[in-house]
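For reference, the structure is listed below as C-alpha cells.
All of the numbers you see were taken from the coordinates with simple rules; none came from a lab. It should be emphasised that the depicted structure is a prediction, and the values quoted were computed from it without experimental measurement. Glycine gets a Cβ as well: all are built from the backbone with ideal geometry, and neighbour counts include every protein chain shown.
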Amino acid sequence: MHRLRTTVARLRPLAAAQTAPSQSQPRTFKPARRLNTSAAAEPFLNGTSSNYVEEMYYAWLENPRNVHKSWDVFFRNAEAGAPPGSAHQSPPPLSGPPRGPAGVQALLGSQSNVEKVVRDHLAVHSLIRAYQVRGHHIAKLDPLEISCVDFDDAPCAVGFQNVGLYGLAESDLDKVFRLPTTTFIGGSDSSLPLREIVRRLEMSYCQHIGVEFMFINDMEQCQWIRRKFETPGVMHFSLEEKRTLLARMIRSTRFEEFLQRKWSSEKRFGLEGCESLIPALKTIIDESSQSGVERVIMGMPHRGRLNVLANVIRKDLEQIFCQFDSKLEAADEGSGDVKYHLGTYNKRMNRVSGREITMSLMANPSHLEAVDPVVQGKTKAEQFYCGDTEGKRVMSVLLHGDAAFAGQGIVYETFHLSDLPSYTTHGTIHVVVNNQIGFTTDPRMARSSPYPTDVARVVNAPIFHVNADDPEAVMYVCKVAAEWRNTFHKDVVVDLVSYRRNGHNEIDEPMFTQPLMYKRIRKQKGVLQKFAEKVIAEGVVTTPAYEEEVARYDRICEEAYARSKDEKILHIKHWLDSPWPDFFTLEGQPKSMSCPPTGISEEELGHVGNIAASVPVEDFTIHGGLSRILKGRAEMVKQRVCDWALGEYMAFGSLLKDGIHVRLSGQDVERGTFSHRHHVLHDQNVDKRICIPMNYVSPDQAPYTVCNSSLSEYGVLGFELGFAMASPNALVLWEAQFGDFHNTAQCIIDQFISSGQAKWVRQNGIVLLLPHGMEGMGPEHSSARPERFLQMCNDDPDVFPKLSEDFSVRQLYDCNWIVVNCSTPANYFHVLRRQILQPFRKPLIVFTPKSLLRHPEARSGFDDMLPATHFKRLIPDDGAAAAAPEEVKRVVFCSGKIYYELIRERRRRGRDQDVAVVRVEQLSPFPFDLVKAETDRYLNADLVWCQEEHKNQGYYDYVKPRLRTTIGHTRPVWYAGRDPAAAPATGNKATHLAELQRLLDTAFDLEAFSV
C-alpha cells in the first residue's frame, strides 16, 4: 500500500504538468505500449505495482487503445467516480466527468477510492492467475490420496483462506468484481462475487483435473486452454456418451479379470489400477477420426498392451489368447517374441465418426521408450507418402510409463524432433500411465522434478493431469487433447495418475518395497465399481442392464477362448505392424530370388553426373570454393571417372529417376561432415535460399529428402528406422557424423535393426553410413566398431554353405543384416542400388571412408558402373601376382582403406609378383564361395588377414574362423595388424604412424606373424 500511495502522489504533479504544458517545456508522454492481462497481473505478483499503474495510466491518457479494454474501463469508471468494490452497481455513464484536467483532478481527488479500486482489480487478476499457474498443485489427482509430489518452489496460495495474501479481506468475498478477459469462468457474466470466482476457479483447476499450460508463450493457445477448462458446464456428457464410457470400462476391466482367471501364473503386465486407459485411447481415436484422421500409429510399453490390442486395435481375441498356449508351435522363421512385445495392424470402421480408420501398434522391446522415435518416423513416412503435409490424416499416439518418461533420455530426444521441418509429425498425443512408482522405485528416488511429465515443457506442450479413477474427467481431458492436436498440430501430454494394483507383473510381490502404498491399494475400490455405482445412481443405466453388459462381454471372451484352442500353430506374420502387401507374395515370401545387375547406361551416368556438377537455378550465387568442386565434378564426368561423392550421386540420382524416394538424414549430411557431398547449395546473398540439384534429375522423378538432423543419434536413427518401415520402395539412409558415435544409438541397433526380423518377422532396408578409418584422429574419431556389428551376424562360422546358382542372393535373404566396407566408389554405387533392386529388404551397414573421399587412387571408371555390372562381394588382385598365381608366396586378405596402404607398401618393397592383395568388400554374409576361389588359386601361398584395427577389434575374430572353414583348416591364417588395446586408437599422431608401419612390416614379413 505504501508503494501504491507513492504512485498516486506522483500522479498529481505529473498530471498537472501534463494538463498545463508551458511554451518552454513541450508536452511529453512516457512511451506507450500494448499490454495483455496476463502481463497485468505479473507486476503485482512481483511487488512492482506502483511503476506499473503509473505507466498504465499515462499510456491510457495518451490513447485508450494502448491498454487492454479492462484497464480502459477501469480508468474511465475511476475518473467517473465509481467507489471501490461497487462494480456490481451500474457504473456512471462513461460520458460523465470529462477527460482532461477535470477528469484527472476527479481521479486524483479520491485517492483512497483509486487505491482500493486498483488494489482490488490487481488482486482479482492475481488470484485468477494463481489458480491458472498453480491450481494443479492442490488438484485431487491421486486416487490413493498419498501423492508424494513435492513442490518446493512456493506455496500454492489459492483458496478462500488465502485471499488475504492478495490484499483482499473476508468481507470482500461477497463483493462483485469485474472479470478480466483472460478468464472464462464467468460464462456469459462479466462480473461475479469474489466467493463465486473462487468457487469456479476451484472447480476448474483443483478437482480431478490439473492443467499445466501457463508456461506456453502463445496467448492464443493459452486462451484456448482456458476456454476448455474454465467455461461453466463445459464438462458435460450425454446419456449415450456415459453409456459408451461404461461399456468401454467394462471391456477394459473384465478383459484383465478374464486373463487373471485363465492364466493366473502367467506374466501379462495387466492394466489393473488404470483401466480408464482404454476409454482414454478410444476417445482420442474417436475425436481424431471425426477430425479427418485416417491412420493412427501407436507405440507403448508392455503394461496394458494386451488390453490395448484387444479393445483399441481390436485384434481378434483368439489370436491373443492362443499366445498363452505353451504347446503352440512356431511356424515362422526367427525367434519370435513374448506376447506383450508384439505389435499389429488393423483397419476397421470407427462407429463414432462413421469413417474407416487404420491403426498400427508397433512392436517394441523391453527398452520402454525406445519405440518413441520409431513411431514418429513411421508416422512421418505415412504422412509423406499420402501427401499429408499438415498431419491431418495421419497421427501418432505414444504411451509411456511415469518412471521411463522422466528417466530415459530418448524421450527428450524425441520431443526435440517434434517441430523440426524434416522430422515433425505435426503433433503427437502422449499418454502417461502414471503408476506413481517404477519397478520398485519410489518417485522420490526416480526423478528430480515434481511431475514425471516435466520434460514435455521444453517444447511448450500442455500437460493435462487427471485422476484416472474419474473416467468422465479422463474422457474430457482426452477430448481436449485430441482437439488441441487437431487445432494447433503440437504435442500434448495426458498424465493418467493411477496406481498399479499388482506388482511389476502378476507374480511379483510389491509389499516387499512399498508396504504402505499397497496396503492402501488393497482397500481401494475398483474404478469400474465406483463408476458403475455413480451412473446407476444417476439413472444412466439400471443395475440389470449393467450386469447384462458385463455378462455379454464375459461370453465374448469365453467363446474366443474356446476358438483359441483350435490354433495349433503360432503365426507371427499375423502380428505384423507394417505389412507390405504389394511387395511380397500372399505367403509373405519374396516374389523371386534373383537380383538384376545394378549398373546403368552411359547416358544416365553422364546425365546424373552433369546434374551433380551444376546449379540448376537461375541467379543463384554459390561459394567460390564450391564452384571449384563443381568444376572438378564436371571434369570427372568428361574423363568418365567418379570419386566417392560422385558415385553416391550416381546411385541416388538413378534411383530417383526410377521413382524411388531417397531420404538421407543425420548430423551435417547436407554438406557432409568431410565437406565432400554438398547436396544442398546455399545462395551466398539471400538468406535461406537453397538449391538441391538432386531434385532436378528428371521431371517425373521421386523426391529427394536430405536433412541435417538434431545432434542426436538414438532418436534420429530410431526415427529413420521407423521411416523405412513404411514402404519397401524407398532408400532410407542415416549417416553418423563419425562412425564412433553410433554407440549412443546402440539400443536401436541391438533391439530393432539386428534382431527385428527374427523377433517380429519385419523386414527393413535402412542403411547406416558409418565413417570409419584409423587416420591418427584419436580414439573417438577412428573406429565405427565393426566387431560389434559382425558379432551380431547370424551366419555360422563353422559351416561351409551349400553353393547354388542363386547362392549370393539367398545368402542375403538368410542373413539378419549386410555389412560391407567398400574400397571403390563403383562398389559403393552398386551396393546402394542393390539395396533397392534385391527382392527383399535387409539392413545395410556401410563403413564409409574419410581419407578415401579424396584419395587419387580411390576412383572408379564409368565402365565399372555400366549395365551388366554389379556389386563385387570380393575384389581379387588384378596385378602381376594374379598373372602367375603359382609364384605367389603370400595372399593378404583385407577390407577397406588399408588396401591402399598395402599396395603402396607392396610397390615400395617391389613385391608385386609374390604378394597378392585381396579385398573382402562384403564381410557379412561372408563370401565363402569367392574366398574359396582365391585360396584355391594361390595354393602355395601363406594366408594373412591384415587390418588397421587392433587385434581384439575390427574384423579379425569374425573373418579368421570363416577363412579356416573355407580352407578346411588345412593352412594357418596369420594376423597382421595392431596389438590388442582397450581404446580404438591412439591420440598421438607419431604413435599412430609407428603402429601403421609395424603392421605393414608384419604383413610383408613372415617372421613377424602371429597366429
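Points worth noting:
- Taking the fewest neighbouring Cβ atoms within 10 Å as the starting point, the ordered list for I611, I692, I898, I748 is I692, I611, I898, I748.
- Assuming charge only on the beta carbon of Lys and Arg (+1) and of Asp and Glu (-1), the dipole of region 875-1008 about its Cα centre is about 200 debye to the nearest 20.
- Shown for C222, C894: other C-beta atoms within 10 Å of each C-beta, ranked fewest to most, produce the order C222, C894.
- Relative contact order (%) - criterion: Cα under 8 Å, at least six apart; region: region 846-924: 39
- Of the peptides 693-704, 800-811, the order by per-residue mean of other Cβ atoms within 10 Å, starting with the highest, comes out as 693-704, 800-811.
- Cα coordinate range in region 636-709, projected on the principal axes (Å, largest first): 33, 28, 24
- Above-threshold pairs, the threshold being 18 Å between Cα atoms, out of K282/K315; K850/K897; K242/K282; K380/K490; K282/K525: K282/K525
- Inverting the pair-averaged 1/r between distinct Cα atoms of region 345-384 gives 11.9 Å as its Kirkwood hydrodynamic radius.
- Sorted into 10 angstrom bins from 0, the C-alpha pair distances of region 459-551 split as 14, 29, 30, 24, 4 percent.
- About its Cα centre, the dipole of the chain is roughly 2040 debye, where the only charges are +1 on Lys and Arg Cβ and -1 on Asp and Glu Cβ.
- Cα Rg over Rh - region 496-606, Kirkwood: 1.28
- A cut-off of 5 Å between modelled amide H atoms, ignoring neighbours fewer than 5 places along the same chain, links L923 with V819, V820, N821.
- Here's the picture: charge each Lys and Arg Cβ at +1 and each Asp and Glu Cβ at -1 in the chain, and of S188, G503, L731 the one pushed furthest to the positive end of that dipole is S188.
- Per-residue Cβ neighbour counts within 10 Å put D491, D929, D325 in the sequence D325, D929, D491, beginning with the fewest.
- Fraction of beta bridges assigned by DSSP in region 239-575 that are antiparallel (%, nearest 5): 20
- Across the options A941, V892, L999, the greatest Cα extent toward the positive end of the charge dipole of region 875-1008 (unit charges at beta carbon of Lys, Arg, Asp, Glu) belongs to L999.
- Length-normalised contact order for region 239-575 - Cα pairs under 8 Å, 6+ apart - percent: 25
- Charge dipole of region 342-474 about the Cα centre (unit charges at C-beta), most positive-ward option of P421, G409, F384: F384
- Charged side chains reduced to their Cβ positions (Lys and Arg at +1, Asp and Glu at -1) give region 239-575 a dipole of some 280 debye around its Cα centre.
- Relative contact order (%) - the chain, alpha-carbon pairs under 8 angstrom, separation at least six: 9
- Share of pairwise Cα separations in region 875-1008, more than 26 Å, in percent: 18
- Spherically averaged projected area in nm², based on the convex hull that wraps the Cα atoms of the chain: 52.1
- Looking at the chain, the DSSP beta bridges with both ends there are about 25 percent antiparallel.
- Summing +1 for each Lys or Arg and -1 for each Asp or Glu among the other residues whose beta-carbon sits under 15 angstrom from that of V799 gives 0.
- Each residue of region 783-822 gets 87 Å³ once the volume of the Cα convex hull is shared out per residue.
- Counted over all Cα-Cα pairs of region 239-575, pairs farther apart than 24 Å make up 55 percent.
- Around R971: net Lys/Arg minus Asp/Glu count, Cβ-Cβ under 9 Å: 0
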